[in-house]
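The values are calculated or read from the model by the stated rules, or taken from the named source; none is laboratory data. All values derive from a computational prediction rather than experimental measurement. Note that we place each Cβ from the backbone using ideal geometry, even for glycine, and neighbour counts take in every protein chain shown.
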């Protein structure tokens, strides 16, 4: 009897997560002999992927924590798992990770992998809320056979809070296609595309318009910065269509701020864009003032594009940004400090240029997407050999990948 391929289901709440974050992993797994399908909420990207030949199951998934929606999602995913009998379920993003692991446990799926793109708990949470969130992670950790973390701090937290046994915790980092995000010497055409005029300085933000991304602090910081720097433009890429009520509330506050204040700076909203690499070239500095992150991809994209970065001094961001070398780290929710940092970078073109160059070097050295994929492929192969020895072994250069999967001191 011939051995069959390993069947894998990637689970995320949003179809944009599958299309924009997980597709490289899916492609690499398929290239190494795995049979891979996905499950997420319906949407434009799910339909596009299905049209391209990928198998994407659409389920009533949601990013928001709603008991009724969660029950419906668990039931729908449970039925899919019982029908398709996958060997491995790989879950992503906080809500989908909970739904996916519960459904996998109920369906008897033999192997579960969880990628913590950023644990939901963080230091700014109320103590009781943090304790409850960690408790849920511990419970769900009992159904998890391997935990991938993108940040080293999350790997340490997983062990510290007994979310997973140390031997099950694997740091994988995060990365981008370095060849896609490359610095350019002439960005005049792309600046014109985004409505930037000669002499204007562009501060960029990419992300969902939710409060925890720090968009309100960013607007206030721009007001502070514009008192010292004329011709500032805030270029915002993102929309509020992928979240819950928090997005609607934040968008209303943003619009209220813009309409009530006599703004000394200009704001351009691009909406969602597919070619972030183009926008990055139009910027003078990239800013991410989030309250909570895992290992933000946008910072890596900015560094790979040769742009200086200003970010909150939180997990993930401080692992990516080398303070004073590739950018600046500022306290969370501190609009004045954020404004001063913007002024410091933009008022010193030589410093901004140096930060951008060193950021590109750092991205090439530590945040190349293929290294991240190699680490996952090696641990997939190890997990299959341990838990599914009767299945077809993937074709993997184990020594090469093992070397790349080692992690002694993070990226510092």
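Worth a mention:
For (1) more than 23 Å from the chain's Cα centre (by Cα); (2) crowded, with 22+ Cβ neighbours inside 10 Å; (3) not assigned by TED's automatic domain parsing to the domain that holds residue 20, each residue gets a yes or a no:
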residue: 133; (1), (2), (3): no, no, no
residue: 138; (1), (2), (3): no, no, no
residue: 144; (1), (2), (3): no, yes, no
residue: 148; (1), (2), (3): no, yes, no
residue: 151; (1), (2), (3): no, yes, no
residue: 165; (1), (2), (3): yes, no, no
residue: 182; (1), (2), (3): no, no, yes
residue: 192; (1), (2), (3): yes, no, yes
residue: 207; (1), (2), (3): no, no, yes
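- Out of 364, 325, 386, 369, sole residue that is crowded, with 18+ Cβ neighbours inside 10 Å and either in contact (Cβ under 8 Å) with a residue 12 or more places away in the chain or more than 20 Å from residue 205 (Cα to Cα) (or both): 369
- Members of segment 302-321 that are touching a strand residue (DSSP E or B) at 6+ places or on another chain (Cβ under 9 Å), in contact (Cβ under 8 Å) with a residue 12 or more places away in the chain and either surrounded by fewer than 24 Cβ atoms within 10 Å (Cβ to Cβ) or on the phi > 0 side of the Ramachandran plot (or both): 313
- Being within 23 Å of residue 295 (Cβ to Cβ) and modelled with pLDDT of 95 or more holds for only one residue in 168, 211, and it is 168.
- Hits in segment 194-205 (condition: over 16 Å from the mean Cα position of the chain (by Cα) and buried (at least 19 other Cβ atoms within 10 Å of the Cβ)): 194, 196, 201, 202, 203, 204
- Only listed residue being farther than 20 Å from residue 113 by Cβ and modelled with pLDDT of 95 or more, chosen from 47, 10: 47
- Segment 301-318, residues that are assigned to a helix (DSSP H, G or I) and under 12 Å from residue 151 (Cβ atoms): 317, 318
- Among the residues listed as 308, 296, the single one being more than 25 Å from residue 185 (Cβ to Cβ) and at pLDDT 95 or above: 296
- Of all residues in segment 17-49, those satisfying the criterion of being in contact with a strand residue (DSSP E or B) (Cβ under 6 Å, 6 or more places away or on another chain) and either over 25 Å from residue 175 (Cα atoms) or not in a helix (DSSP H, G or I) (or both) are 34, 35, 36, 37, 38, 39, 42.
- Taking each residue of segment 40-68 that is in the same structural domain as residue 120 (by TED's automatic domain parsing) and surrounded by 16 or more Cβ atoms within 10 Å (Cβ to Cβ) and looking for partners that are assigned to a strand (DSSP E or B) and at pLDDT below 95 with beta-carbon atoms closer than 6 Å, six or more apart or interchain, yields nothing.
- Some residue of segment 113-136 being under 30 Å from residue 279 (Cβ atoms), modelled with pLDDT of 95 or more and in a strand (DSSP E or B): yes
- Among the residues listed as 77, 81, the single one being within 22 Å of residue 391 (Cβ to Cβ), surrounded by 20 or more Cβ atoms within 10 Å (Cβ to Cβ) and in contact with a helix residue (DSSP H, G or I) (Cβ under 8 Å, 6 or more places away or on another chain): 81
- Filter pass, residue 72 being part of a helix (DSSP H, G or I) and under 26 Å from residue 378 (Cα atoms): no
- Residue count for segment 319-376, restricted to those that are under 20 Å from residue 216 (Cβ atoms) and part of a helix (DSSP H, G or I): 9
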